[in-house]
Amino acid sequence: MPRRIIKSDCVGCGTCQRVCIIGCITEEKARKRTINESACVDCGACELACPKKCISQK
């Protein structure tokens, strides 16, 4: 199951985007990130790396 970012908790640090092995995390408005769910391979690297713990499985 792909991951999702709880945007209200995201501080836009970009850590998740840097550790994504697929490159499916992109920056949106206000430095928030979004995950392309169809490209996500569910490795969990972004969830483990997020300092705010705002990434979880759907």
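Laboratory data are not the source of any read-out in this text; all were calculated from the coordinates shown. No experiment lies behind these values; they were computed from the predicted model shown. Cβ coordinates were reconstructed from backbone atoms using ideal geometry, including for glycine residues, and neighbour counts include every protein chain displayed.
Some points to look at:
- At 1.306 mPa s and 10 °C, Stokes D of the chain from Kirkwood alpha-carbon radius, µm² per second: 146
- Estimated [θ] at 222 nm from DSSP helical runs (n ≥ 4, -39500 (n - 2.57)) normalised by residues in the chain, nearest 500: -3500 deg cm²/dmol
- Long-range amide H partners of R3 with built H, under 5 Å: D42
- GluC sites (Glu not before Pro) restricted to region 5-58 and DSSP loop, no more than 12 other C-beta within 10 Å: E28
- Net charge dipole size for the chain [Lys, Arg +1 and Asp, Glu -1 on Cβ; Debye, nearest 20]: 220
- Between K52 and D9, the contour length at 0.36 nm per residue exceeds the Cα-Cα span by 14.8 nm.
- Once the chain from S38 to I22 is taken as fully extended at 0.36 nm per residue, the excess over their C-alpha distance is 4.6 nm.
- Among the cysteines of the chain, those with no neighbouring cysteine Cβ under 4.7 Å are C10, C13, C20, C24, C40, C43, C50, C54.
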